[in-house]
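What follows is one structure encoded as structure tokens, with my remarks underneath.
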């Protein structure tokens, strides 16, 4: 089976106003399999938008190649399977959302009753049916973002490439979007999106790809990463050696201790040692690790 996205040794360059060459993407390689939801992460200026533009054919790579379902990225044939949302969605101010979606649908070759049904459904699902006939110029940033999302979903594309998809959306809108994107995945769509909202990445993604300064840093399965970041804590009475299990422990009262563990197995072994030594367990807890801390620490190491 062909990958939904295949990027090999991709490099993208721009020329500054002073005539200097700037490397936005450097020798980048990764792939996305059909049906996956993959978050594309990195700090500002990491090269995320440049990579997405190369996938769409909006910029010409300096080197390397990118393919969409085995087809060269940027060709009309490859773009036909993509629903794309740019980082800043700009729509003609004197059209309404209905007219905007009608225009984009017809550009894709959709027409007639099928297009009207899709438009009505998307307007309803995205909560903009009440603004369907208002001018785009009168809509808030969040409402325009919903129009952009609707536009990217026209024609039920096999691949969604979304740049900062939650930008401008309130918490209710983000929750509705998560349900909508999960529904598209269940129908067989592949999702590849950039975001600075790590909470959304946590709830949506199967996998993340992290880049910095245009270069690949690492890719991780989100479920496995969250397990690794999970912290286990133990409060107990009695002096017991925890050597080899944790270096994070402290005395919080007379003969009362608090310890942190990086794994459940280490904590369970500690419980066994404490009980064997005649100690008593006071409290056991676990807490989700911070994706934000992981992101910041990994980017700093890669800088």
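Computed from the coordinates by the stated procedures, all read-outs in this text should not be read as laboratory data. Everything numeric here is computed off the predicted structure, so don't read it as measured data. With ideal geometry, Cβ positions are generated from the backbone for all residues, glycine too; neighbour counts draw on all protein chains shown.
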| query | Share of antiparallel DSSP beta bridges in the stretch 131-242, in percent to the nearest 5? | reply | 55 percent
| remark: One finds the C-alpha centres of the stretch 230-266 and the stretch 38-82 to be spaced, in Å, by 48 Å
| Can you give the % of DSSP beta bridges in the chain that are antiparallel, to the nearest 5? | 70 percent
| said: For a quick check: sort 68, 239 by the number of other beta carbons within 10 angstrom, fewest at the front. | reply: 239, 68
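Divide by every residue of the chain the summed helix terms, -39500 (n - 2.57) for each DSSP H run of at least 4, and state the resulting mean residue ellipticity at 222 nm, rounded to the nearest 500 deg cm²/dmol. It would help to have the intermediate numbers written out before the result.
Working: 10 runs with 107 residues, N = 303.
After summing the helix terms and dividing by the residues of the chain, the value is -10500 deg cm²/dmol.
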| field | Packing-based exposure ordering (other Cβ within 10 Å, fewest first) of 183, 206 | value | 183, 206
| said: Can you give me the angle between helix 141-153 and the longest principal axis of the chain, using Cα atoms only, in degrees from 0 to 90, rounded to the nearest 10? | reply: 80 degrees
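Would you mind ranking 196, 179 so that the residue whose beta carbon has the fewest other beta carbons within 10 Å leads the list? Show your work: numbers first, answer last.
Details: 196 15, 179 10.
Going from sparsest to densest Cβ surroundings: 179, 196.
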| query | Going by a ≥ b ≥ c, the root eigenvalues of the Cα gyration tensor, does the stretch 194-257 fall in the rounded group (a/c under 1.5), the prolate group (a/b larger than b/c) or the oblate group? | reply | prolate
| query | Only one of the listed values, (i) 21.3; (ii) 19.9; (iii) 21.9, was derived from the coordinates as Kirkwood radius over Cα pairs in Å; which label is it? | reply | (iii)
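Assuming a ≥ b ≥ c are the square roots of the Cα gyration tensor eigenvalues, decide whether the stretch 76-210 counts as rounded (a/c under 1.5), prolate (otherwise, with a/b larger than b/c) or oblate.
Details: a/c = 1.71, a/b = 1.25, b/c = 1.36.
In terms of gyration-tensor shape, oblate.
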| Once the Cα atoms of helix 291-302 and of the chain are each reduced to a long axis, what angle between those two axes, in degrees from 0 to 90 to the nearest 10, is obtained? | 80 degrees
